[in-house]
Every structure is written in C-alpha cells, then in structure tokens.
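Enquirer: Dumping the structure here so I can ask a few things about it.
The values are calculated or read from the model by the stated rules, or taken from the named source; none is laboratory data. Every value quoted in this text rests on a predicted model; they were computed, and no experiment measured them. Cβ atoms come from the backbone with ideal geometry, glycine included; neighbour counts cover every protein chain shown.
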Amino acid sequence: MRKKRMSKALQESDIDKLAALARLSVVPEERAALAKDIDAILGYVSELESLTLAAPVRSKEGLRNVAREDLAEHESATYTPALLESAPRAEDGYVIVKKVL
C-alpha cells in the first residue's frame, strides 16, 4: 500500500506531536486528511493576518465604546434580596454552594 503524500508544511511527526498535545489518537490513515485540514486552517489564519483593520475609536478619555453608552440600568443590589430568596441556601447576603474540586 502506497502512503499518501503529506503536505510540505506538516510532516507525519508534526501530526503525531499535535495529536499528543491534544490527547488524540490518530490512526495513520487519518494523518493525510488531518494535515490537509490543518494546512487549510493555517492558510485562513494567514489571510486574516494580512487584513488591515480600522483603528479603535479614541477620545480624550482613551478608548470608548461606539456602539452604545455603558450605563447602569438599575441601582446596585436592587435584585439581591429576590435572588437570595430564590437560592436554595443563603447566608449573610451570600449564596451558599457546594465545593467543586
């Protein structure tokens, strides 16, 4: 059986190293397709790197959001009592949850 030709940019050892880093098992038959997919992704990224993006909008204060004003719609702690009442367990103004380790 003849091996499929790998891309010039990625060798079989590169695919094996990437698979090990990603904790994937790659069978030899998948290497060529995987190399082709990775080459396509890297090609797309290189196209994105060549784009010229507009500079962010700056004002006297520095960067600013041009989409909308960043305003608080309600006073801080307006909904805290309702949230604490709906929590299964609360103590001293905090929601009590199980440890997750």
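Yes or no, residue by residue, for (1) modelled with pLDDT of 90 or more; (2) surrounded by fewer than 10 Cβ atoms within 10 Å (Cβ to Cβ); (3) over 30 Å from L10 (Cα atoms):
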{"site": "S46", "(1), (2), (3)": "no, yes, no"}
{"site": "L51", "(1), (2), (3)": "no, yes, no"}
{"site": "G62", "(1), (2), (3)": "no, yes, yes"}
{"site": "N65", "(1), (2), (3)": "no, yes, yes"}
{"site": "D70", "(1), (2), (3)": "no, yes, yes"}
{"site": "P88", "(1), (2), (3)": "yes, yes, yes"}
{"site": "I96", "(1), (2), (3)": "yes, no, yes"}
{"site": "L101", "(1), (2), (3)": "no, yes, yes"}
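Enquirer: L83 is checked against (1) surrounded by fewer than 10 Cβ atoms within 10 Å (Cβ to Cβ); (2) at pLDDT 75 or above and fails just one. What number does that condition carry?
Expert: (1)
Enquirer: Taking A19 as the residue in question, decide whether it is at pLDDT 90 or above and surrounded by 11 or more Cβ atoms within 10 Å (Cβ to Cβ).
Expert: yes
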